[in-house]
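> Here you go, one structure.
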Amino acid sequence: MSIQTTLILFKPDAIEKNITGIVLAKFQELGLSIQGIKMMQLDSAILKEHYAHVADKPFFPEIEEFMSQTPVIALALKGENAIAAVRDLLGPTNSSEAPAGTIRGDYGDTMMINVCHASDSEEAAAEELARFFEPQEIFSL
């Protein structure tokens, strides 16, 4: 077991459905604690950096449009095996394949419209936390 800090982004569908509080409570019920939280509007530059692995694909403009249609909420969550715990609770990336009882199974719609982005490894979490938070915006509580 290891203590980890991971990044969560509440996507525009979570903002529009007004379910961020419900989902955040589920993360906290796992014993995860908020180390940083902020609402922000994502621009093209940060989206191209965050989605660099698909930025050259024909479907990237759709991702860019979706992820910038409302502000998002960025969270730094800390806890025991936080990365795996968050991903298990979220369920598969494709919401249509996510079982009931997972966040994406209960609230998501598609592969892209799936409530939250979550870091998938410690390396990704470190990169993503640095992308969305300044060092002084993450607190050790």
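> Wholly within region 1-96, which strands (runs of 3 or more DSSP E) include no fewer than the required count, namely at least 3 residues that are in contact (Cβ under 8 Å) with a residue 40 or more places away in the chain and buried (at least 19 other Cβ atoms within 10 Å of the Cβ)?
It comes to 3-10, 72-80.
> Please count how many residues of region 105-119 are closer than 20 Å to ILE83 by Cβ and surrounded by 19 or more Cβ atoms within 10 Å (Cβ to Cβ).
So the count comes out to 7.
> Just to be sure, is GLY105 among the small types (Gly, Ala, Ser), without any contact (Cβ under 8 Å) to a residue 40 or more places away in the chain and within 19 Å of THR6 (Cα to Cα)?
In short, no.
> Just checking, how many residues over region 97-141 are aliphatic (A, V, I, L, M), part of a helix (DSSP H, G or I) and touching a strand residue (DSSP E or B) at 6+ places or on another chain (Cβ under 9 Å)?
Summing the residues that are aliphatic (A, V, I, L, M), part of a helix (DSSP H, G or I) and touching a strand residue (DSSP E or B) at 6+ places or on another chain (Cβ under 9 Å) in region 97-141 gives 5.
> Taking the options ILE73, ILE138, ILE113, name whichever one is β-branched (Val, Ile, Thr), under 12 Å from ILE8 (Cβ atoms) and in contact with a Ser or Thr (Cβ under 9 Å, 6 or more places away or on another chain).
Answer to the selection: ILE73.
Conditions (1) modelled with pLDDT of 95 or more; (2) in contact with a Lys or Arg (Cβ under 8 Å, 6 or more places away or on another chain); (3) closer than 16 Å to ALA84 by Cα, marked per residue:
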{"position": "ILE8", "(1), (2), (3)": "yes, no, yes"}
{"position": "ASN18", "(1), (2), (3)": "yes, no, no"}
{"position": "SER33", "(1), (2), (3)": "yes, yes, yes"}
{"position": "ILE37", "(1), (2), (3)": "yes, no, no"}
{"position": "LEU47", "(1), (2), (3)": "yes, no, no"}
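> Please tell me if GLU64 is of a type in the set (Asp, Glu) and closer than 20 Å to LEU141 by Cβ.
For GLU64, the condition - of a type in the set (Asp, Glu) and closer than 20 Å to LEU141 by Cβ - is not met.
The values are calculated or read from the model by the stated rules, or taken from the named source; none is laboratory data. From a predicted model like this one, the values you see are computed outputs, not experimental measurements. So basically every Cβ, Gly included, is an ideal-geometry build from the backbone, and we count neighbours across all protein chains shown.
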